[in-house]
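Okay, structure first, notes after.
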Amino acid sequence: MKKVVFGIDIGGTTVKCGLFYTDGTLVEKCEIPTRKEDGGARIIDDICAQIRQICSDRNILKENIIGIGMGVPGSVNKDGVVNKCVNLGWGVFNAAAEIERRMGISAKAGNDANMAALGEFWLGGAKGYSSMMMITVGTGVGGGIIIDGKPLVGFNGAAAEIGHIPVEDNETEKCNCGKSGCLEQYASATGIVRVAQKMLQEETMASVLRKIEKFTAKDIFDAAKSGDMLSVKVAEYVSRMLAKGLACAAGIIDPECFLIGGGVSAAGDYFINLIEKNYRELVFHPSRDTKILKAALGNDAGMCGAARLML
């Protein structure tokens, strides 16, 4: 039988489980609920039970399993130790070692954004590149850096946390991290809505957004594409903030390409082109031609990357 590897992407709502051959072929994928009660104590049990079920259904023997890779929504050091994971209720513990103890199978763990980046590097939008940085623009702004095929974790497991680089000194509202002026406050889905709400209060120009009781980032970009001038102004502003973050990153790691993923990336070429225009203006000239691409794997990126980490 072919050798297989499991890729597990632990999210706040569901856990995505993928079974792969070593060439990247996805054999099977499924989702189970993320049971966060009791401080997330049941999550590892549920993952182990799901892996055992898949192995039973497919007659997979333990000796044919290379290992189990996991992506976790929090900082993880190179030894697999999770340094608190608020969204899951986890404190500090070694998630990889816990899986190994229960399953008798090798395991590795990494930050979920790093795993998404590794998945895109292996099988997605950055396939064929030597280095890349992925920025996930969703409820928050996350990042993952891949250099020569390996995730850059950082000493504290917090490398590529681009969402919390300071980009605005005069911000009075607090970010979820406790600081003020973080990129995430402007370029995330919630940040984009916040910027639009503020502009609606400050500007007198007409806008279709005034007729939508609870508009979303998608509504803003849809309106901007249709020529709504206030929405265009919002899109320009948040794209420049994100471009500022990319320009800062380029000055430090100088990747071969940037990948934009997450829910807001659904705004497509309109969003990418705005980021690209502002990036070219802001970045140090040697990195001006760095490609800015859209991620390709969607919600599968994390489990693909987790599998690749194990390989």
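Data for the structure
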{"quantity": "Answer residue from the range 159-183, given it is in a loop (DSSP other than H, G, I, E, B), β-branched (Val, Ile, Thr) and within 21 Å of the chain's Cα centre (by Cα) and is farthest from Met241 (Cα to Cα) among those", "calculated": "Ile165"}
{"quantity": "Any hit, the range 184-206, residues being assigned to a loop (DSSP other than H, G, I, E, B), hydroxyl-bearing (Ser, Thr, Tyr) and out of contact with any Phe, Trp or Tyr (no Cβ under 6 Å at 6 or more places or on another chain)", "calculated": "yes"}
{"quantity": "Evaluation of Pro255 against (1) in contact (Cβ under 8 Å) with a residue 60 or more places away in the chain; (2) part of a helix (DSSP H, G or I); (3) surrounded by 23 or more Cβ atoms within 10 Å (Cβ to Cβ); (4) of a type outside the set (A, V, I, L, M) (one fails), failing number", "calculated": "(2)"}
{"quantity": "Pairs where the first residue, in the range 264-288, is under 20 Å from Ile253 (Cα atoms) and the second is surrounded by fewer than 14 Cβ atoms within 10 Å (Cβ to Cβ) and among the small types (Gly, Ala, Ser), C-beta under 6 Å, 6+ apart", "calculated": "Phe284/Gly251"}
{"quantity": "Pick from the range 164-186, criterion open to solvent by less than 40 Å² (accessible area, probe 1.4 Å) and in contact (Cβ under 8 Å) with a residue 60 or more places away in the chain, ranking: nearest to Met134 (Cα to Cα)", "calculated": "Leu183"}
{"quantity": "Looking only at the range 281-306, and only at residues there that are of a type in the set (Gly, Ala, Ser) and within 16 Å of the chain's Cα centre (by Cα), the one that is nearest to Ser265 (Cα to Cα)", "calculated": "Ala295"}
{"quantity": "Any hit, the range 223-246, residues being part of a helix (DSSP H, G or I) and within 21 Å of Gly124 (Cα to Cα)", "calculated": "yes"}
{"quantity": "Residues within the range 187-214 that are of a type in the set (Val, Ile, Thr) and open to solvent by 40 Å² or more (accessible area, probe 1.4 Å), tallied", "calculated": "4"}
{"quantity": "Scope the range 229-241; condition touching a helix residue (DSSP H, G or I) at 6+ places or on another chain (Cβ under 7 Å) and over 17 Å from Gly268 (Cβ atoms); matching residues", "calculated": "Leu230, Lys233, Tyr237, Arg240, Met241"}
{"quantity": "Qualifying residue in the range 277-285 (condition: crowded, with 22+ Cβ neighbours inside 10 Å, hydrophobic (A, V, I, L, M, F, W, C) and in a helix (DSSP H, G or I))", "calculated": "no"}
{"quantity": "Qualifying positions in the range 223-252 - among the small types (Gly, Ala, Ser), over 26 Å from Met115 (Cα atoms) and in contact (Cβ under 8 Å) with a residue 12 or more places away in the chain", "calculated": "Ala223, Ala224, Ser226, Ser231, Ala235"}
{"quantity": "Residue tally, condition surrounded by fewer than 24 Cβ atoms within 10 Å (Cβ to Cβ), part of a strand (DSSP E or B) and touching a Ser or Thr at 6+ places or on another chain (Cβ under 6 Å), over the range 129-158", "calculated": "1"}
{"quantity": "Checking Glu161 against (1) surrounded by fewer than 16 Cβ atoms within 10 Å (Cβ to Cβ); (2) under 18 Å from Gly262 (Cβ atoms), the condition it does not meet", "calculated": "(1)"}
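So that you can scan it fast, the table gives a plain yes or no per residue for (1) part of a strand (DSSP E or B); (2) farther than 18 Å from Phe258 by Cβ; (3) β-branched (Val, Ile, Thr); (4) touching a residue at least 24 places away in the same chain (Cβ under 8 Å):
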| residue | (1), (2), (3), (4) |
| --- | --- |
| Leu88 | no, yes, no, yes |
| Gly91 | yes, yes, no, yes |
| Ala96 | no, yes, no, yes |
| Lys108 | yes, yes, no, yes |
| Asn114 | no, no, no, yes |
| Glu120 | no, no, no, yes |
| Gly125 | no, no, no, yes |
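The values are calculated or read from the model by the stated rules, or taken from the named source; none is laboratory data. What you are looking at is a predicted structure, and each value in this text was computed from that prediction instead of being measured. Note: ideal-geometry Cβ built from the backbone for every residue, glycine included; neighbour counts use all protein chains shown. SASA here: full protein model, heavy atoms, side chains in, ligands and nucleic acids out. Shrake-Rupley method; radii C 1.70, N 1.55, O 1.52, S 1.80 Å.
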